[in-house]
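Peer 1: Submitted below is the structure of interest, expressed as structure tokens.
Any read-out appearing in this document is the output of simple, stated calculations on the displayed coordinates, not a laboratory observation. Since we're looking at a predicted model, the values are computed, not measured. Because the Cβ atoms are built from the backbone with ideal geometry, glycine has one as well, and the counts that use them run over all protein chains shown.
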Ligand SMILES: [Zn+2]
């Protein structure tokens with residue numbers, strides 16, 4: 001049963017990945033290209049400043065391991081689909097633990113609710129603290145620290161969300177489902193805000209970097225994540241419902257209840 | 001009047017944690033490894049020599065929100 005759900009989750013993830021790839025190809029790549037053009041311009045200017053009088057193609061384009069068309073095509077496709085399929089699988093595992101433990105919610109509702117919570121905890125809140133950045137933003141020397149901080153922020157946000165869910169269960173009897181959810185949601189926001197304030201900030205956007213490109217890049221990143229989580233939540237919900245219903249004939253369920 | 005009352009909805013049956021755990025541990029580990037390869041390999045840390053993985057998934061890494069260069 002769990003293996004089957006896992007497979008269905010990854011299937012939903014692959015579908016979400018395909019949609020995200022098309023979206024990012026149309027709305028993400030243009031700002032990546034513009035950021036790379038900005039980077040080349042900066043390198044050019046730097047080289048000219050350090051070697052006045054010499055008119056050479058500044059910073060001879062470093063040996064490209066993977067060409068731009070491959071990065072923007074097959075590379076993007078592979079990265080997005082693998083990422084999305086993996087999240088679909090992880091999502092199915094969380095669903096397997098949550099289903100039947102969230103009151104009387106049916107599979108589709110559990111899936112949609114978990115997807116909303118996952119989107120907020122794994123992407124929205126972490127990216128408010130450490131937003132997505134296009135190429136040419138970010139010092140190569142700080143990549144280790146930035147990666148560690150970003151993953152820490154995701155882990156802490158996710159842990160807070162799990163804590164909030166446990167708080168919700170605890171408050172359920174006293175407050176009822178709605179009020180318990182409001183209180184748990186507020187508790188999540190307070191804890192994550194404190195976490196975000198405690199973690200060090202990172203801002204390595206070059207002063208002359210075009211604001212419009214940065215905005216377009218970040219909004220494309222947000223759009224892709226929204227699409228991915230929505231697709232996984234809705235498609236997996238349907239696939240899981242089918243699977244779980246197939247195992248329990250309606251008559252049998254009625255008699256047992 | 002009626003002697004048997006069927007509840008409108010039967011509570012969905014939870015899957016025993018014991019049944020989920022092995023999948024969650026092994027599957028979860030492999031899936032997180034996949035996300036690591038897309039998000040961080042040959043950036044902050046490196047399991048494989050060279051920069052090929054990093055360069056290949058580079059656009060996805062940036063657009064999915066991971067820190068890069
Ligand atoms: Zn990069």
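Peer 1: Could you work out the mean count of beta carbons from other protein chains within 10 Å of each residue's beta carbon in B:44-52?
Peer 2: 2
Peer 1: Still on this structure: Tell me, A:22, B:68 in order of fewest to most beta-carbon neighbours within 10 Å? Before the final figure, lay out each step's value.
Peer 2: Numbers: A:22 14, B:68 25.
Lowest count first: A:22, B:68.
Peer 1: On a 0 to 90° scale, report how tilted helix A:76-98 is relative to the longest principal axis of chain A, with both axes built from alpha carbons and the result rounded to the nearest 10.
Peer 2: Tilt of helix A:76-98: around 20 degrees.
Peer 1: On to the next question. If one computes the Cα centroid of region A:137-185 and of region B:17-55, what distance in Å separates the two points?
Peer 2: Between the Cα centre of region A:137-185 and that of region B:17-55, the gap is 21 Å.
Peer 1: Averaged over peptide B:11-21, how many Cβ atoms belonging to another chain are found within 10 Å of each residue's Cβ?
Peer 2: 6
Peer 1: Measure nothing but the geometry: give the 0 to 90° angle between the long axis through the Cα atoms of B:28-39 and the longest principal axis through the Cα atoms of chain B, rounded to 10°.
Peer 2: Helix B:28-39 sits roughly 40 degrees off the main axis of chain B.
Peer 1: Do the sum for chain A: with -39,500 (n - 2.57) for every DSSP H run of n ≥ 4, divided by all residues, what is the mean residue ellipticity at 222 nm, to the nearest 500 deg cm²/dmol? List each step's numbers first, then the result.
Peer 2: Numbers: 9 runs with 187 residues, N = 257.
That comes out to -25000 deg cm²/dmol.
Peer 1: Quick check: Cα centre of region A:14-45 to Cα centre of region A:63-110, how many Å?
Peer 2: After rounding, the separation between the Cα centres reads 20 Å.
Peer 1: Calculate the mean, over all residues of peptide A:97-110, of how many other protein chain Cβ atoms lie within 10 angstrom of the residue's Cβ.
Peer 2: Taking the mean over all residues of the peptide, I get 3.
Peer 1: Follow-up. Sorted by mean Cβ packing within 10 Å, highest first, what order do the peptides A:177-189, A:147-159 take?
Peer 2: Ranked from most to least packed, the peptides come out as A:147-159, A:177-189.
Peer 1: Using only helices, what value at 222 nm comes out for chain B when you add -39,500 (n - 2.57) per DSSP H run of length 4 or more and divide by the total residues, to the nearest 500 deg cm²/dmol?
Peer 2: Rounded to the nearest 500, the figure is -10500 deg cm²/dmol.
Peer 1: Extending each Cα 7 Å along its Cβ direction at residue A:246 and residue A:166, get the distance between those two points in nm, one decimal.
Peer 2: For residue A:246 paired with residue A:166, the spin-label model returns 3.5 nm.
Peer 1: Then there is this: Would you please put A:69-80, A:199-210 in order of how densely packed they are, using the mean number of other Cβ atoms within 10 angstrom per residue and starting with the highest?
Peer 2: Descending packing order for the listed peptides: A:69-80, A:199-210.
Peer 1: Modelled label-to-label distance, residue A:194 and residue A:175, 7 Å Cα→beta-carbon offset: nm?
Peer 2: 1.6 nm
Peer 1: With label points built 7 Å along Cα→Cβ from the Cα atoms of residue A:104 and residue B:11, find their separation and express it in nm.
Peer 2: Using points 7 Å along Cα→Cβ, the separation is 1.1 nm.
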